[in-house]
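A short write-up of the structure that comes next.
The values are calculated or read from the model by the stated rules, or taken from the named source; none is laboratory data. Note that this is a predicted model, so its numbers are computed, not measured. Cβ atoms come from the backbone with ideal geometry, glycine included; neighbour counts cover every protein chain shown.
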Amino acid sequence: MQQFLLKGNIATKERSFDQAAYYYGEAIRLEPCYADAWNNLGTAYFEQKRFELAMEKYSKAIDCQPGYTNALLNRANTAYELKEYYKAIEDLSKVIAVKPDTALAYFTQGLVFTKMRDFDRALISYDQAIKLDPANVDYLVNHAIVHYYRKDFDAAKIELGRASKLKKEEPNIYNTLSLIEIEKGNFVEALQLINKAILLEPKQAYFLNNRGFIYLSLNELEKAEADINQSISADPYNGWAYRNKGIYYLMKKEYASAERLLYQALNMDSFIDKIYFYLGVAYQKNNKRSEACKAFNQSEKRGDKMLTADLIKYCK
């Protein structure tokens, strides 16, 4: 039984997930309530982005061993991927109740609260994670990202400066600084920063997508399309890339394709920045006034501040 678990762990490290699932299955066949095997089987599915199956296996681990903190953390991460944010918070609260010094639980809470646009609670969670693990650069960068979402760019830069002192060659620092320059309309500076991130991590889908958006903003459409397509190829589950491909089609005046991709992006992740505004523009260009004005209304509610006087007049 233990031997099968160890073989499964080796296969997982080698990313041979089907082989890992077989070994974990054999361990479970010998001991039907082997919590470690159920948990690790969940991880084999999670790594393949088969999140529904992963959730099922983590739940079996927890049924077999209530209070199993690793499985609770894993199930919370899976719920996050499935956008079941309240379930994630529930599992994380259970972990914190038992092990209040678990920095990872607070960090994951921060990620969940950020997706819920509850930025105040996200900052509190990240603060606690940083207090427990002050040298963790990921925690500092994500704390800065919340400040970025709140448009508090000075605070974000201070956090990123702290992170840089710990790990100067952290690509996410340059990516976040690039996002700040994008918001300020400084696209040349943003391009320089995102290129630093890509130099450090050339195949990172998010970085390529962000550079694609910068190229869109600089009206360099061929470069934008190449980066966005490469990003989608590397990570077909990133809704932000589909948003940017939709913007590309808006700029190419291919409005049916723009609407399709922007609607797909919204369904993938409603958190995406300014998604309602761009979708509203696509609806407007496709003569769908009612849908356009509903999208513009959602954009205003979210504080995008993108509507022009003409678009406000269009919806009266």
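What are the residue pairs meeting all of these: first residue in the range 53-65, first residue surrounded by 17 or more Cβ atoms within 10 Å (Cβ to Cβ), second residue among the β-branched types (V, I, T) and part of a helix (DSSP H, G or I), Cβ atoms under 7 Å, and 6 or more apart or on different chains?
Qualifying pairs under 7 Å: A54/T78; M55/T78; Y58/T78.
Condition first: β-branched (V, I, T), more than 18 Å from the chain's Cα centre (by Cα) and assigned to a helix (DSSP H, G or I). Can you find one or more residues in the range 205-219 that meet it?
Yes; the residues of the range 205-219 include at least one that is β-branched (V, I, T), more than 18 Å from the chain's Cα centre (by Cα) and assigned to a helix (DSSP H, G or I).
Being crowded, with 23+ Cβ neighbours inside 10 Å and touching a His at 6+ places or on another chain (Cβ under 7 Å) is the requirement here; does A156 meet it?
yes
Taking helices (runs of 4 or more DSSP H) that do not extend beyond the range 232-316, which have at least 3 residues that are modelled with pLDDT of 95 or more and charged (D, E, K, R)?
289-301
Report, by residue number, each residue of the range 65-80 that is farther than 23 Å from Y237 by Cβ and among the polar types (S, T, N, Q).
Q65, T69, N70
Enumerate the pairs (first residue in the range 189-206 and under 9 Å from P171 (Cβ atoms); second residue anywhere and basic (K, R) and assigned to a helix (DSSP H, G or I)) with beta-carbon separation below 8 Å, excluding pairs fewer than 6 apart on the same chain, so at least 6 apart or on different chains.
Partner pairs satisfying both residue conditions: I198/R211.
Can you tell me which residues in the range 1-41 are more than 27 Å from the chain's Cα centre (by Cα) and outside any helix (DSSP H, G or I)?
The answer is M1, E31, P32, C33, Y34.
Within the group A44, A97, A54, which residue is assigned to a helix (DSSP H, G or I), within 25 Å of F113 (Cβ to Cβ), within 23 Å of the chain's Cα centre (by Cα) and of a type in the set (G, A, S)?
Every option except A54 fails the conditions.
If the Cβ limit is 6 Å and pairs must be 6+ apart or interchain, which residue in the range 84-110 that is in contact (Cβ under 8 Å) with a residue 12 or more places away in the chain and on the phi < 0 side of the Ramachandran plot pairs with which residue that is outside any helix (DSSP H, G or I) and charged (D, E, K, R)?
Every condition considered, the pairs that remain are A103/D133.
If I ask for residues that are of a type outside the set (D, E, K, R) and surrounded by 20 or more Cβ atoms within 10 Å (Cβ to Cβ), which ones from the range 206-227 would you list?
F207, L208, N209, N210, G212, F213, I214, Y215, L216, A224
Taking D269 as meeting all but one of (1) free of Cβ contacts under 8 Å to residues at least 40 places away in the same chain; (2) out of contact with any Leu (no Cβ under 8 Å at 6 or more places or on another chain), write down the number of the exception.
For D269, the exception is condition (1).
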